[in-house]
Ligand code: NAD
Ligand code: LMR
């Protein structure tokens, strides 16, 4: 049976990458047919029509039906997977949190539409910024859907960290495991190399603490802005790629002896407040994620994890009326 995948903002930069990769089987494999439900705002419907025409013209083996709409109730009908991408991106000099008030209302409306129309087993990934708090808004507006179904994207930060580390350690990114990004998809995120392994071995003797603190962490925290400065537009292909990595691992499972970073509803693990969508190290099995427990947290990590938690609590306070 076909699976229904909803992409919001499907005529935008990220949506244009995501739709073709998902339709061609890069999310659920060559043996799973996909129905694509593409959502846009009314003025972008003509552009979306063009995207749908191009999708048809690819004649992908794995693509069944395509529907386009400006009505969230239609777009989330029976949806099994939802990529909530449609939202305004930031420009140069802005923080992602500057988008909060403008983008927040999109996610309350879409949370309600998911609640009323989607499969009860839906998996939701919020990409539109500020992603963690937007996911919280969507979750709060979908009381009949399991809270664990709502996640936000930290995988781009996770992948960025792996790329920086591979360059530093002169190895391939696939040889590095056990990387964690804690907290918010913002400059307060905490990229933590405390448990990092290279080819299964501890890396603490290989990474200079000064480099980690003064070069690596700020580089990962500010990579989004670095891309905006270079391209004049925010990251798109790498964001779409990370979105597929996130949803694919959640559905099909993470690699043995490794974990990934996902922003999920906090359950109080590691002393992080419940009621926010915070990034933790997780493993996935049988289509579910669980937080990796009992990692050692040193004083620097603890302080860094609290800083990013505070930012999420502040963002939550700013949109409390939408929850
Ligand atoms: P874009 O402007 O190219 O595309 C966004 C699309 O969303 C537009 O086509 C717009 O018409 C559509 N849209 C706006 N409101 C909508 C609504 N209510 N319903 C449906 N569609 C709607 O932007 P982009 O570069 O594709 O980025 C999209 C979002 O993703 C931005 O908020 C950006 O900051 C964010 N982003 C997040 C990450 C991450 O790691 N979490 C990475 C990159 C970008
Ligand atoms: C990113 O990390 O590339 C995105 O969140 C876009 C941005 O605003 O930085």
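The values are calculated or read from the model by the stated rules, or taken from the named source; none is laboratory data. Quick caveat: nothing in here was measured; it's all calculated off a predicted structure. So basically every Cβ, Gly included, is an ideal-geometry build from the backbone, and we count neighbours across all protein chains shown.
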query = Do we find that residue 176 is in contact with a helix residue (DSSP H, G or I) (Cβ under 6 Å, 6 or more places away or on another chain) and outside the structural domain of residue 190 (by TED's automatic domain parsing) in this structure?
reply = no
ask   = Restricting attention to region 73-89, does a residue exist that is surrounded by fewer than 23 Cβ atoms within 10 Å (Cβ to Cβ), away from ligand 2 (no atom under 16 Å from the Cβ) and under 17 Å from the mean Cα position of the chain (by Cα)?
value = yes
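Residues are listed down the side, and each one gets a yes or a no for (1) within 16 Å of ligand 2 (Cβ to nearest atom); (2) over 18 Å from the mean Cα position of the chain (by Cα); (3) at pLDDT below 95; (4) surrounded by 19 or more Cβ atoms within 10 Å (Cβ to Cβ):
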position	(1), (2), (3), (4)
163	yes, no, no, no
166	no, yes, no, no
173	no, yes, no, no
181	yes, no, no, yes
186	yes, no, no, yes
219	yes, yes, no, no
request  = Considering each residue of region 227-240, count those that are modelled with pLDDT of 95 or more, more than 7 Å from ligand 1 (Cβ to nearest atom) and not in a helix (DSSP H, G or I), and give that number.
outcome  = 0
query = Can you find a residue in region 168-178 that is part of a strand (DSSP E or B), touching a strand residue (DSSP E or B) at 6+ places or on another chain (Cβ under 6 Å) and within 14 Å of ligand 1 (Cβ to nearest atom)?
reply = no
query = Which one is farthest from ligand 2 (Cβ to nearest atom), of the residues in region 241-265 that are in contact (Cβ under 8 Å) with a residue 12 or more places away in the chain and part of a loop (DSSP other than H, G, I, E, B)?
reply = 257
task = Determine, yes or no, whether residue 116 is in the same structural domain as residue 8 (by TED's automatic domain parsing), more than 20 Å from the chain's Cα centre (by Cα), touching a residue at least 60 places away in the same chain (Cβ under 8 Å) and more than 16 Å from ligand 2 (Cβ to nearest atom).
result = no
inquiry  = If I filter region 221-235 down to residues being over 22 Å from residue 196 (Cβ atoms) and touching a helix residue (DSSP H, G or I) at 6+ places or on another chain (Cβ under 7 Å), which single residue comes out as surrounded by the fewest Cβ atoms within 10 Å (Cβ to Cβ)?
reply    = 233
task = Find all pairs meeting these conditions: Cβ atoms under 8 angstrom apart; at least six residues apart or on different chains; first residue within region 223-240 and touching a residue at least 24 places away in the same chain (Cβ under 8 Å) and under 12 Å from residue 159 (Cα atoms); second residue part of a helix (DSSP H, G or I) and within 6 Å of ligand 2 (Cβ to nearest atom).
result = 238/156; 238/227; 239/156
ask   = Across region 272-294, what is the number of residues that are in contact (Cβ under 8 Å) with a residue 12 or more places away in the chain and outside any loop (DSSP other than H, G, I, E, B)?
value = 12
